[in-house]
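Asker: My questions will all concern the structure given below.
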Number of protein chains: 2
Amino acid sequence: MAADQPTPLFERIALIGIGLIGSSLAHVARRDGLCNHIAVSARTQRTLDTARRLGLADSVTLDAAEAAAGADLVMICTPMGAYEAVARAIAPVLKPGCIVSDVGSVKQSVIRDVGPRLPEDVHLVPAHPVAGTEHSGPEAGFPELFQGRWCILTPAEGTEPDAVERIAELWRRAGMTIEIMDANHHDRVLAITSHLPHLIAYTIVGTATDLAENLKQEVVKYSAGGFRDFTRIAASDPVMWRDIFLANREAILELLGQFSEDLTALRRAIRRGEGDILMDVFTHTREIRRGVVEAEQD
Amino acid sequence: MAADQPTPLFERIALIGIGLIGSSLAHVARRDGLCNHIAVSARTQRTLDTARRLGLADSVTLDAAEAAAGADLVMICTPMGAYEAVARAIAPVLKPGCIVSDVGSVKQSVIRDVGPRLPEDVHLVPAHPVAGTEHSGPEAGFPELFQGRWCILTPAEGTEPDAVERIAELWRRAGMTIEIMDANHHDRVLAITSHLPHLIAYTIVGTATDLAENLKQEVVKYSAGGFRDFTRIAASDPVMWRDIFLANREAILELLGQFSEDLTALRRAIRRGEGDILMDVFTHTREIRRGVVEAEQD
């Protein structure tokens with residue numbers, strides 16, 4: 001290690017799954033010397049070959065347990081539907097004192113699916129780096145993905161503070177600002193800021209795919225009027241999003257109920273020509289936008 | 001006029017209303033010497049003062065008829081709900097052979113609201129420059145707004161070809177590519193590419209405004225996960241959009257019916273844990289995105 005490199009945070013990091021988030025984290029680890037060894041496991045040899053070619057892995061394997069063995073950090077970066085199986089597979093080989101973390105968009109389900117399967121001498125620190133693009137796979141990753149974004153940690157009460165701090169420091173090095181939050185609260189916030197928008201975008205683009213072929217071509221042609229933003233959102237990884245919707249089912253269904261009511265009210269106002277009702281809603285939504293712009297999220 | 005300036009397309013252009021689109025067109029007219037005089041009318045003296053200050057008007061008036069008198073092009077750039085009143089006001093003073101056009105996002109309603117009020121020796125060429133931002137008002141305009149975008153013209157059958165060509169040339173000079181389309185077809189295409197996306201964005205941001213105050217602050221904070229794109233769309237001018245939804249009521253209501261059915265199907269799949277149904281929809285939506293990217297709309 002060069003003298004000007006910071007001390008590695010971990011000796012061996014195991015990345016279980018290496019899509020957009022996993023590969024971006026690997027880029028950061030390489031750039032900043034966050035660890036001495038990156039072990040990568042994936043479901044296909046092709047993904048492993050790609051990870052190797054990009055210089056993101058010191059060792060690769062199709063077996064999650066093999067990657068996790070001896071690691072002081074196991075970061076689960078698979079779609080959330082695979083978490084339980086991953087936890088079962090790695091549990092027997094985890095090093096005492098090892099930290100298990102993840103990058104999923106739902107956090108209660110991690111505590112439910114992963115927590116009970118881990119040995120007692122292992123620390124679970126669920127994390128959600130709130131960052132992404134519509135692209136997926138190991139080639140989509142880049143080290144600046146996390147820069148200036150939030151990372152939300154949702155450790156259960158009583159989690160070893162040192163373990164939480166090490167995960168916080170990892171994401172700080174990636175450029176993120178850390179928030180600690182209750183998992184239930186996280187899932188409700190993300191349901192509105194991310195999960196519902198994605199579900200709606202998938203729906204509206206899906207509605208368009210059912211249009212007559214001649215109309216569909218023109219929809220693509222004139223997509224700049226608003227539809228284009230939805231197609232970008234609806235191009236995100238299907239497996240990842242299927243698993244998110246199923247993992248955060250309750251919060252999403254509750255919110256969908258409210259959204260459907262609100263949409264029905266607007267639909268009724270349009271049908272009846274009640275412009276005042278439309279104006280009222282459209283004026284209020286501007287306030288939220290002001291908040292977003294002021295929060296420098298833009 | 002300088003020797004290297006192209007020949008003006010019009011002697012006198014009247015802009016009835018000068019928001020984002022009107023002011024951007026005025027910038028283009030100034031930049032390229034498209035006319036010798038820009039007459040601007042608006043509802044408030046403040047808007048007229050701004051137009052003057054920005055150098056976008058040679059004459060200003062609160063009276064649409066005064067602006068339109070003697071113009072060889074009258075461009076209606078108000079919210080669509082004002083079209084009928086504008087048409088009534090300007091009809092008596094229009095110069096024979098004058099062209100009346102507009103920039104609205106719905107086109108059948110122009111033919112319905114404006115057409116019957118104009119004298120027979122005046123040419124109506126409804127137009128829709130498909131361009132915009134979430135900002136509004138005369139200070140939001142800039143000459144590059146139209147560059148590389150589509151402009152859809154929907155002249156009624158039998159419209160004087162020279163008049164159509166002059167409007168086409170105006171928007172070509174602004175950097176747009178021209179399409180001629182049936183007004184009914186235009187309204188159906190735009191309902192899906194623009195009107196429904198805006199309505200949905202308004203709804204989802206409206207749903208968020210009803211959340212408990214502590215949750216709302218966090219929604220703003222973590223908006224990068226998808227919600228932010230919706231807030232941008234839902235920050236568009238409320239009056240303009242109220243009028244669009246009312247003007248294109250039928251096409252929007254029909255589409256909303258399909259959208260609601262599709263959303264209900266996804267909701268049911270989430271509730272029942274039917275991941276295959278979700279995967280099927282999410283995989284198909286990627287195809288539309290590919291089309292959009294290939295069409296170089298992005």
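The values are calculated or read from the model by the stated rules, or taken from the named source; none is laboratory data. Quantities reported herein were computed from a predicted structural model and do not represent experimental measurements. All Cβ positions, glycine included, derive from the backbone under ideal geometry; neighbour counts span all protein chains shown.
Asker: Going by the structure shown, is B:His185 part of a helix (DSSP H, G or I) and under 15 Å from A:Lys221 (Cα atoms)?
Answerer: On the way: part of a helix (DSSP H, G or I): yes; under 15 Å from A:Lys221 (Cα atoms): yes.
Yes.
Asker: Determine if the range B:158-177 includes at least one residue that is outside the structural domain of B:Leu253 (by TED's automatic domain parsing), closer than 25 Å to B:Leu253 by Cα and not charged (D, E, K, R). Show your work before the answer.
Answerer: First pass over the range B:158-177, keeping only residues outside the structural domain of B:Leu253 (by TED's automatic domain parsing): B:158-177.
With closer than 25 Å to B:Leu253 by Cα added as a condition, the list becomes none.
Looking through the range B:158-177, none of the residues is outside the structural domain of B:Leu253 (by TED's automatic domain parsing), closer than 25 Å to B:Leu253 by Cα and not charged (D, E, K, R).
Asker: Another question, then. For the range A:227-281: of the residues being closer than 23 Å to A:Gly17 by Cα and of a type in the set (S, T, N, Q), which is modelled with the lowest pLDDT?
Answerer: First, pick out the residues of the range A:227-281 that are closer than 23 Å to A:Gly17 by Cα: A:233-248.
Remaining after also requiring of a type in the set (S, T, N, Q): A:236, A:248.
Details: A:Ser236: 87, A:Asn248: 97.
Step by step, filter the range A:227-281, then rank; the result is A:Ser236.
Asker: Could you list all residues from the range A:118-175 that are assigned to a loop (DSSP other than H, G, I, E, B), more than 14 Å from chain B (Cβ to nearest Cβ) and small (Gly, Ala, Ser)?
Answerer: Narrowing the range A:118-175 to residues assigned to a loop (DSSP other than H, G, I, E, B): A:118-122, A:126, A:130-137, A:141-142, A:147-149, A:154-160, A:174-175.
If we keep only those that are more than 14 Å from chain B (Cβ to nearest Cβ) too, we end up with A:118-122, A:126, A:141-142, A:155-160, A:174.
Result: A:Gly141, A:Ala156, A:Gly158, A:Ala174.
Asker: Return yes or no: is A:Asp182 surrounded by fewer than 17 Cβ atoms within 10 Å (Cβ to Cβ), among the charged types (D, E, K, R) and either assigned by TED's automatic domain parsing to the domain that holds A:Leu255 or modelled with pLDDT of 85 or more (or both)?
Answerer: Working: surrounded by fewer than 17 Cβ atoms within 10 Å (Cβ to Cβ): yes; among the charged types (D, E, K, R): yes; either assigned by TED's automatic domain parsing to the domain that holds A:Leu255 or modelled with pLDDT of 85 or more (or both): yes.
Yes; evaluated as a whole, the condition is true for this residue.
Asker: Quick test for you: out of B:Ala87, B:Ala91, B:Ala71, B:Ala82, pick the one residue that is in contact (Cβ under 8 Å) with a residue 12 or more places away in the chain, surrounded by 17 or more Cβ atoms within 10 Å (Cβ to Cβ) and farther than 30 Å from B:Glu250 by Cβ. Show your work before the answer.
Answerer: Details: B:Ala87 fails: farther than 30 Å from B:Glu250 by Cβ; B:Ala91 fails: farther than 30 Å from B:Glu250 by Cβ; B:Ala82 fails: farther than 30 Å from B:Glu250 by Cβ.
On inspection, the qualifying residue turns out to be B:Ala71.
Asker: Sort out which residues of the range A:209-243 are more than 7 Å from every other protein chain (Cβ to nearest Cβ) and small (Gly, Ala, Ser), and write them in order of number.
Answerer: Within the range A:209-243, A:Ala212, A:Ser236 qualify.
Asker: A further question follows. For the range B:244-286, name all the residues that are facing chain A (nearest Cβ under 8 Å), of a type in the set (D, E, K, R) and under 30 Å from the mean Cα position of the chain (by Cα).
Answerer: B:Arg249, B:Asp262, B:Arg286
Asker: Continuing with this model, one more query. If A:Phe259 passes every condition in (1) within 21 Å of B:Arg268 (Cα to Cα); (2) surrounded by fewer than 18 Cβ atoms within 10 Å (Cβ to Cβ) but one, which one does it miss?
Answerer: It is condition (2) that A:Phe259 fails.
Asker: Mind listing just one residue for me: the one in the range B:185-208 that is touching a His at 6+ places or on another chain (Cβ under 9 Å), at the interface with chain A (Cβ under 7 Å from one of its Cβ atoms) and buried (at least 24 other Cβ atoms within 10 Å of the Cβ) and, of those, farthest from B:Arg289 (Cα to Cα)? Break it down into steps so the answer makes sense when it comes.
Answerer: Step one: list which residues in the range B:185-208 are touching a His at 6+ places or on another chain (Cβ under 9 Å), which gives B:186-187, B:190, B:205-206.
In the following step, the residues that additionally are at the interface with chain A (Cβ under 7 Å from one of its Cβ atoms) were identified as B:190, B:205-206.
So of that shortlist, the ones also buried (at least 24 other Cβ atoms within 10 Å of the Cβ) come out as B:190, B:205.
Numbers: B:Leu190: 17, B:Val205: 24 Å.
It comes out as B:Val205.
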